Amino acid sequence: MAGRLVFHLAALTLLSWLGTFGGSGHLPAPYDSVAVAAVSLGVFVWAVHSGADHLRTAPAAAPAVPPL
C-alpha cells in the first residue's frame, strides 16, 4: 500500500519538475497536465485492483454485535 503512495508522490514530483508551472519547462504545457492525469489514473486503477484483490482474499470479519 505504501509503495503506491511513494510511487505516486515520486512521479508527481518528477512531472512537476519537468512541467511548465514552476518547473524546468522540459515538458510543454498541455502535455504536463496529460502526463499527470495518466499517472494518476494508472495509480488509481492499481489501487482499485489491489483493494479488490485484498477483499477477495481476506477472511471475512465477524459482524460487530452492539452492546445491550
Checklist entry - Counting pairs of alpha carbon atoms under 8 Å apart in space and at least six apart in sequence, what relative contact order in percent does the chain give? => result 22
Checklist entry - On average, how much accessible surface per residue is there in the chain, in Å², for a 1.4 Å probe, leaving out ligands, DNA and RNA? => result 81
Checklist entry - Given the rule -39500 (n - 2.57) for each run of at least 4 DSSP H residues, summed and divided by the residues of the chain, what is its mean residue ellipticity at 222 nm, to the nearest 500 deg cm²/dmol? => result -23500 deg cm²/dmol
Checklist entry - Using mean Cβ contacts within 10 Å as the protection proxy, how do 26-38, 7-19, 45-57 order, highest first? => result 7-19, 26-38, 45-57
Item to check | the chain - percent of accessible surface contributed by carbon and sulfur, probe 1.4 Å | outcome: 76
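The values are calculated or read from the model by the stated rules, or taken from the named source; none is laboratory data. None of the values given here were measured: they were computed from a predicted structure. So basically every Cβ, Gly included, is an ideal-geometry build from the backbone, and we count neighbours across all protein chains shown. SASA here: full protein model, heavy atoms, side chains in, ligands and nucleic acids out. Shrake-Rupley method; radii C 1.70, N 1.55, O 1.52, S 1.80 Å.
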